[in-house]
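Visitor: The structure follows.
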Amino acid sequence: MRRPAPPTAALLVTALAFHVDMLLYYLLVPLLPRYARDLHLNQMEVGILFGSYAVALLLATFPVAILTDRFGRRAPMLWGLAGLGITTLVFAVSRQYWLLVLARFLQGVAGAATWLPGMALLADLFPSESRGRAMGTAFAAANLGVLIGPPLSGFLDQHAGPTAPFLLGAALVALDAAGRAFLLPGTEPNQGLKVPFRQLLANPTIRIFAGAMALGSCLWALLESTLPLDLDRRLGQSPTQIGLCFAAAALAHTFTSPLMGALSDRIGRVRVLRMGLVLALFLIPLPVLLPRPWMVVVAMMGLGSTASFIMSPSSPAVADQVERLGSQSFASAFSILNLAYSVGLMVGPLVGGALVQGLGLPVAMGLSGLGFGAYLLATRGISA
């Protein structure tokens, strides 16, 4: 069997790696009630278990980026894979809380060692005119893992026991291992000039798109932390119906992510970002104002697509700027995006909760939409 061309191989490896990483991340979600019941965990302990992934991701981001730009993409991706396999097996066999927290923490470290080298690899092998489509495709594969993970884990837990989801996860890690071992390029491209973090942060385009990435993740966190309660109280929707509503948004995001990446290749990254900010201005308030569940689903699909407008151009735009600096320190630049994404996830629920408590949900959503619209002013004078 003939080996695919390096760009195709890189896209296959990265898309599979992102898909498996997100699927494994979400395998735990339906199992949390079982762990809480069997291990007698309180809400704080459950929160620590779930949040330890994000803490590890934040702590590992900059060290992994430095290693990736110094030693190449292949080695960190293989190290991360080994860690992912070990943590998955620990989840399968452990019945002690501290081991579960440790496994979740190491899963976050492995996630950093998957995402940063993977994005850098795509930036290495795809030129600017096709970089957006490639990165959008990899993001779509990750979103597919978000869609499949929770229902698959719940089904396996119900019919085969709590170990089954993680045994399946271990099998997927083995498949991922085969892809990374045989398809990752054996030789690394010349990394060129090393650009320090301070110089990357001084670039206005990188700052603007880091802010856009934070806004995109903030949008999801805001909706996830406020909308379910509104749909329950105002429209009487069941947990299943609320889940389907968010699944519709994730599905729209999955399908539009590569399309918006490709569109940014054609008409420019900033133009696509501005279109997304305008859409967010009008669409964010809609789910809490519409009177019928099917209307809310349509609005959520619109917001899922809006997230693609905002987030899909961000990674290729940052990669383009690094390239213009005469460097391939892509992982260092992507670590800034990774940090911005994490900040958005943390800030969204806090700001949203404060606005809802003080002003009510409709006004809070309207102000959030205005915030996205106001970010248009920050994009003035930026060309990418």
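Visitor: Evaluate the following for PRO293: is it touching a residue at least 40 places away in the same chain (Cβ under 8 Å), in contact with a Leu (Cβ under 7 Å, 6 or more places away or on another chain) and more than 28 Å from ALA123 (Cα to Cα)?
Guide: It is true that PRO293 is touching a residue at least 40 places away in the same chain (Cβ under 8 Å), in contact with a Leu (Cβ under 7 Å, 6 or more places away or on another chain) and more than 28 Å from ALA123 (Cα to Cα).
Visitor: Which condition breaks for LEU102 when tested against (1) part of a helix (DSSP H, G or I); (2) touching a residue at least 60 places away in the same chain (Cβ under 8 Å)?
Guide: (2)
Visitor: Can I ask one more? Would it be correct to say that ILE48 is part of a helix (DSSP H, G or I) and closer than 27 Å to ARG95 by Cα?
Guide: Against the criterion (part of a helix (DSSP H, G or I) and closer than 27 Å to ARG95 by Cα), ILE48 qualifies.
Visitor: Follow-up. Being part of a helix (DSSP H, G or I), open to solvent by less than 20 Å² (accessible area, probe 1.4 Å) and at pLDDT 80 or above is the requirement here; does PHE155 meet it?
Guide: no
Visitor: Would you point out the residue of region 1-46, among those that are open to solvent by 50 Å² or more (accessible area, probe 1.4 Å) and of a type in the set (Ser, Thr, Tyr), that is modelled with the highest pLDDT?
Guide: Among them, the one singled out is THR8.
Visitor: Residue check: is LEU167 over 25 Å from TRP79 (Cα atoms) and open to solvent by 50 Å² or more (accessible area, probe 1.4 Å)?
Guide: no
Visitor: Quick check, is LEU222 aliphatic (A, V, I, L, M) and open to solvent by 20 Å² or more (accessible area, probe 1.4 Å)?
Guide: Against the criterion (aliphatic (A, V, I, L, M) and open to solvent by 20 Å² or more (accessible area, probe 1.4 Å)), LEU222 does not qualify.
Visitor: Within region 39-53, is there a residue that is touching a Phe, Trp or Tyr at 6+ places or on another chain (Cβ under 6 Å) and among the small types (Gly, Ala, Ser)?
Guide: yes
Visitor: Given the conditions (1) modelled with pLDDT of 85 or more; (2) under 30 Å from PRO228 (Cβ atoms), which single one is not true for VAL351?
Guide: Of (1) modelled with pLDDT of 85 or more; (2) under 30 Å from PRO228 (Cβ atoms), only one is false for VAL351: (1).
Visitor: Further question on the same structure: If we scan region 309-320, do we find a residue that is among the aromatic types (Phe, Trp, Tyr), part of a helix (DSSP H, G or I), without any contact (Cβ under 8 Å) to a residue 60 or more places away in the chain and surrounded by fewer than 16 Cβ atoms within 10 Å (Cβ to Cβ)?
Guide: The answer is no, given that none of the residues of region 309-320 is among the aromatic types (Phe, Trp, Tyr), part of a helix (DSSP H, G or I), without any contact (Cβ under 8 Å) to a residue 60 or more places away in the chain and surrounded by fewer than 16 Cβ atoms within 10 Å (Cβ to Cβ).
Visitor: Report whether or not TRP79 is open to solvent by 70 Å² or more (accessible area, probe 1.4 Å), part of a helix (DSSP H, G or I) and over 23 Å from ASP157 (Cβ atoms).
Guide: Taking the combined requirement at face value, the residue satisfies it.
Visitor: Check VAL195 against each of (1) part of a helix (DSSP H, G or I); (2) open to solvent by less than 30 Å² (accessible area, probe 1.4 Å); (3) touching a residue at least 24 places away in the same chain (Cβ under 8 Å); (4) aliphatic (A, V, I, L, M) and name the one condition it does not meet.
Guide: Failed condition: (1).
Visitor: Moving to a separate point now. For residues in region 231-273 being over 26 Å from ALA374 (Cα atoms) and among the polar types (S, T, N, Q), which is surrounded by the most Cβ atoms within 10 Å (Cβ to Cβ)?
Guide: That would be THR254.
Visitor: Let me ask you something else. Among residues belonging to region 91-105 that are at pLDDT 85 or above and open to solvent by 20 Å² or more (accessible area, probe 1.4 Å), point out the one that is nearest to SER332 (Cα to Cα).
Guide: Filtering region 91-105 for residues that are at pLDDT 85 or above and open to solvent by 20 Å² or more (accessible area, probe 1.4 Å), the one nearest to SER332 (Cα to Cα) comes out as PHE105.
Visitor: Six or more apart or on different chains, Cβ under 7 Å: which pairs go from a residue in region 158-183 that's farther than 18 Å from LEU11 by Cα to one that's of a type in the set (D, E, K, R) and at pLDDT below 85? Could you list them?
Guide: Once the first residue is farther than 18 Å from LEU11 by Cα and sits in region 158-183, its partners that are of a type in the set (D, E, K, R) and at pLDDT below 85 give PRO162/ARG34; ALA164/ASP157; PRO165/ASP157.
Visitor: Restricting the search to region 350-367, which residues are exposed (fewer than 14 other Cβ atoms within 10 Å of the Cβ) and of a type outside the set (Gly, Ala, Ser)?
Guide: If the condition is that a residue be exposed (fewer than 14 other Cβ atoms within 10 Å of the Cβ) and of a type outside the set (Gly, Ala, Ser), then LEU350, GLN357, LEU359, PRO362 are the ones that fit.
Visitor: Anything in region 47-65 that is in contact with a helix residue (DSSP H, G or I) (Cβ under 7 Å, 6 or more places away or on another chain) and either within 25 Å of ALA181 (Cα to Cα) or open to solvent by less than 40 Å² (accessible area, probe 1.4 Å) (or both)? List them, or say none.
Guide: Across region 47-65, the qualifying residues are LEU49, SER52, TYR53, ALA56, LEU57, ALA60, THR61, PHE62, VAL64, ALA65.
Visitor: Among the residues in region 121-140, are any among the β-branched types (Val, Ile, Thr) and either over 30 Å from ARG269 (Cβ atoms) or over 21 Å from the mean Cα position of the chain (by Cα) (or both)?
Guide: No, region 121-140 has no match at all.
Visitor: I'd like the full set of residues that are buried (at least 20 other Cβ atoms within 10 Å of the Cβ) and not in a helix (DSSP H, G or I), limited to region 274-301.
Guide: Hits for region 274-301 are ILE284, PRO285.
Visitor: Would region 373-384 turn up any residue that is open to solvent by 30 Å² or more (accessible area, probe 1.4 Å) and closer than 27 Å to GLY72 by Cα?
Guide: yes
The values are calculated or read from the model by the stated rules, or taken from the named source; none is laboratory data. The shown structure was predicted, so the numbers you read here are calculated from the model rather than taken from an experiment. Reconstructed Cβ throughout: ideal geometry from the backbone, glycine too, with neighbour counts over all protein chains shown. Note: accessible area is taken over every heavy atom of the protein model, side chains too, but ligands, DNA and RNA are not part of it. Shrake-Rupley method; radii C 1.70, N 1.55, O 1.52, S 1.80 Å.
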